[in-house]
Structures are given as C-alpha cells and as structure tokens.
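The next block holds one structure in the form of structure tokens; read it before the comments.
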Amino acid sequence: MQIQIRAAMARDYEAAVKILSQVQDMHVEWRPDIYRHTSHLMSMEEFQQAAEDHTFFVAENEKNQVLGILQIMFKHVEGPAHTTRDFIFVDRMAVDEAYRGAGVGHKMFDFLKGLKAEKNMDAIELQVNAKNTAAYEMYRKYGFTEKSINLELLEP
C-alpha cells in the first residue's frame with residue numbers, strides 16, 4: 001500500500017471526524033473520569049482554519065482514502081530558566097482502526113521529520129495517554145524518549 005501525507009482539505013472533514021471519534025472512544029474507555037463521549041470533536045470551521053494554517057494533514061492511500069490524521073502546532077519556548085527552542089508539537093495523531101499497524105503512523109513521523117528539517121525546528125514533541133501502551137511503544141520504537149512524566153492524585 002502506498003501512503004502519502006498531504007495538507008488537509010475541506011473534503012477530508014468527515015473522514016477526519018470519524019477517526020477522531022474512534023480515538024475519543026478509546027480515551028473514554030481508558031479514562032472515563034476525564035473523557036466523555038461527544039459528537040463535537042472538531043467543527044468544520046476549526047478544521048478549515050487548521051487546514052488554512054497548514055497545521056492539519058492527512059495520510060491517504062492510492063485510492064485517496066484517508067487513513068490517518070495529523071494536527072500539529074509550532075511552538076517557541078524561551079526564558080530565563082530555559083534554552084530557546086522551536087519545536088513541532090503533535091496535537092492530534094490518529095490512524096483509522098482498519099489501518100493500524102500498517103505503517104501509517106511511521107509514514108506520518110517521516111513526514112514530521114522532513115517538516116522539522118524544512119522549518120529548521122529543534123525537536124518534535126507529543127504527549128501520550130499513559131494507558132495507550134500501543135501508541136507509547138510505537139513512539140518509543142520510532143525514537144521518542146520520555147521528556148517528563150505527568151502524575152495525578154485523585155481524591156476519593
């Protein structure tokens with residue numbers, strides 16, 4: 001299967017929302033204390049703005065089927081306690097459940113590496129749900145390392 005990553009277009013909205021819904025369902029299962037089922041994960045206006053800003057991408061096959069989505073942010077950090085850094089933050093990355101394990105995620109990371117080089121960024125960062133072991137393992141195998149660990153205390 002050939003996979004290409006391209007900028008999102010309005011025609012991709014329904015496929016993107018479908019994939020976002022699949023991921024939301026997983027998050028609700030892992031953390032029902034935080035996530036809830038909702039049909040409003042991203043409005044068409046939000047989607048179009050992200051597409052116009054060149055921060056939303058899709059992975060598609062040779063039949064133009066959307067297999068995965070990628071939403072990023074460009075971040076700049078500097079201050080007295082930190083070195084100046086410019087990085088790409090992966091806000092949303094998901095693969096349609098029918099195509100998981102087929103290399104779509106790796107293709108998106110290859111795209112991100114190219115974008116990082118093109119934009120002369122310092123790093124690519126993301127956050128992963130602690131219960132999403134499959135994603136964590138994929139990120140680790142791709143070369144990501146832990147930057148920080150978020151801890152939580154829930155009072156009864």
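The values are calculated or read from the model by the stated rules, or taken from the named source; none is laboratory data. In this text the structure is predicted, and so the values were computed from the model without any measurement. Counting neighbours? That spans all protein chains shown, and the Cβs are built from the backbone with ideal geometry, glycine included. Accessible surface areas use protein heavy atoms only, side chains included; no ligands, DNA or RNA. Shrake-Rupley method; radii C 1.70, N 1.55, O 1.52, S 1.80 Å.
Observations on the structure shown:
- Rolling a 1.4 Å probe across the protein heavy atoms gives the stretch 17-156 an accessible surface of 65 Å² per residue.
- Oblate is the label for the stretch 19-89. Its Cα gyration tensor axes, ordered a ≥ b ≥ c, give a/c of at least 1.5 and b/c at or above a/b.
- DSSP-loop trypsin sites (Lys or Arg not before Pro) across the stretch 36-85, with at most 15 other Cβ within 10 angstrom: R36, K63
- Once C-alpha pairs closer than 8 Å and six or more residues apart are averaged by separation and normalised to the residue number of the stretch 3-97, the relative contact order reads 30 percent.
- For the stretch 56-156, the relative contact order is 20 percent, taking Cα pairs closer than 8 Å that sit 6 or more residues apart in sequence and dividing their mean separation by the residue count.
- Total charge dipole magnitude, the chain, about the Cα centre, Cβ charges on Lys, Arg, Asp, Glu only, Debye to nearest 20: 420 debye
- Residue among V17, V95, V58 with the largest mean-square fluctuation in a Gaussian network model of the chain, springs linking Cα atoms under 10 Å: V17
- Surface listing: L115, L126 arranged by accessible area from highest to lowest gives L126, L115, probe 1.4 Å.
- Aspartates and glutamates whose Cα lies under 12 Å from that of K75, excluding same-chain neighbours fewer than 8 positions away: D86, D91, D122, E125
- Of all segments of the chain bounded by GluC sites (Glu not before Pro) found in a DSSP loop with no more than 16 other C-beta atoms within 10 Å, the longest spans 63-145.
- Structure-derived Cα Rg over 2.2 N^0.38 Å: which label, when the choices are [x] 1.08; [y] 1.24; [z] 1.13: [x]
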